[in-house]
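Enquirer: Sharing a structure here in structure tokens format.
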Amino acid sequence: MVPISDMSLMLSFPKLDGNNYYAWANNMMSTLQAQLLWLIVNGQRPPPPKPSADPPVNATINKLLPISSNDYREWIRSWNKYIQWLESDLSAMGLM
């Protein structure tokens, strides 16, 4: 499923005010589900651990590992996974 890219198609319900919480909440939940963001909002997709800011090093010689090493590649993958989750979290906040 591909998220909807046209915001005008999604947010066609009244903004939250003091009298419409339940209708707004149902509409917002549907919007977040359509954008594949609901599991982040309800806590079922928690953030992955934040990787170290520093790239991995060879402890015996105290030098960075080559970018072709498995540990370096895993460090990059963990950062990509964390950034993807963070972008989805920020998207959900922006919609709400």
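The values are calculated or read from the model by the stated rules, or taken from the named source; none is laboratory data. Just so we're clear, the structure is a prediction, and the values are computed from it rather than from any experiment. Cβ: placed from backbone, ideal geometry, glycine included. Neighbour counts: every protein chain shown.
Enquirer: Can you spot a residue in region 66-82 that is of a type outside the set (Ser, Thr, Tyr), touching a residue at least 24 places away in the same chain (Cβ under 8 Å) and closer than 30 Å to Leu32 by Cβ?
Expert: yes
Enquirer: Scan region 33-52 and report the pairs whose first residue is closer than 28 Å to Asp71 by Cβ and whose second residue is among the polar types (S, T, N, Q) and assigned to a loop (DSSP other than H, G, I, E, B), with Cβ atoms within less than 9 Å and a gap of 6+ or a chain change.
Expert: Within 9 Å, no pair qualifies.
Enquirer: Could you identify the single residue in Ile83, Ile40, Ile61 that is of a type in the set (Val, Ile, Thr) and farther than 30 Å from Asn27 by Cβ?
Expert: Ile61
Enquirer: Going through region 65-77 one residue at a time, which ones are over 17 Å from the mean Cα position of the chain (by Cα) and either part of a helix (DSSP H, G or I) or surrounded by 13 or more Cβ atoms within 10 Å (Cβ to Cβ) (or both)?
Expert: Leu65, Ser69, Asn70, Asp71, Tyr72, Arg73, Glu74, Trp75
Enquirer: Run down Asn19, Asn80 and say which single residue is more than 20 Å from the chain's Cα centre (by Cα) and modelled with pLDDT of 95 or more.
Expert: Asn19
Enquirer: While we're here: Only residues that are in a helix (DSSP H, G or I), surrounded by 13 or more Cβ atoms within 10 Å (Cβ to Cβ) and not small (Gly, Ala, Ser): list them for region 18-64, please.
Expert: Across region 18-64, the qualifying residues are Trp24, Asn27, Met28, Met29, Thr31, Leu32, Gln33, Trp38, Leu39, Ile40, Val41.
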